[in-house]
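I have placed the structure first, in the form of structure tokens, so that the comments after it can refer back to it.
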Amino acid sequence: MKKYKFNGDYYLRKVFSKQFFDKLNHKECLVPIPISKNTMYKRRFNQVHGLMENLKFQDVLLVDKQKNTQSHHNKKQRMAMQQIFSIDDRYMHLIVGKNVTIVDDVYTTGTTIRLAAAILKENGAKSVSGFTLAR
């Protein structure tokens, strides 16, 4: 995962893309966990988008500019995190009344998925579940 996510070996996404397709292709509404603009600038790719490259997904979540995502936080810091996501109002209609599956690369404490699920439910998602590559 380090080689893919942090060292930029983007080709490694191909190792898992078929499994992602097979497991998620039938889901009603797929929503990837976003990365911040700063992370995109550093990495040059969104690792979750890479894993979902052959799937239809909705980029409705935004990362609050003033808050950091948690890839470099310890467990205590992760568990104490406040809401870091918002919904892009232009695309809210894509989740209202839908069964949403949040997709992320790694499940560590569950905080990212819990925060994303909360904001999706608050904005009209019928149900929310999570799917990650690794734990």
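The values are calculated or read from the model by the stated rules, or taken from the named source; none is laboratory data. The model shown is predicted, which means the values in this text are computed figures rather than measured ones. A quick note on method: Cβ atoms are made from the backbone with ideal geometry, for glycine too, and the neighbour counts reach across all protein chains shown.
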_Those residues of the stretch 84-135 which are exposed (fewer than 14 other Cβ atoms within 10 Å of the Cβ) and of a type in the set (Asp, Glu), in sequence order_ = Asp88, Asp89, Glu122
*Could you please find all residues in the stretch 50-69 being surrounded by 18 or more Cβ atoms within 10 Å (Cβ to Cβ) and either modelled with pLDDT under 90 or under 21 Å from Thr108 (Cβ atoms) (or both)?*
Gly50, Leu51, Met52, Leu61, Val63, Thr69
*Out of all the residues in the stretch 110-133, which are under 25 Å from Tyr10 (Cα atoms) and not small (Gly, Ala, Ser)?*
Thr112, Ile113, Phe131, Thr132, Leu133
*Residue ID - nearest to Tyr107 (Cα to Cα), chosen from residues in the stretch 29-48 that are over 9 Å from the mean Cα position of the chain (by Cα) and modelled with pLDDT of 95 or more*: Leu30
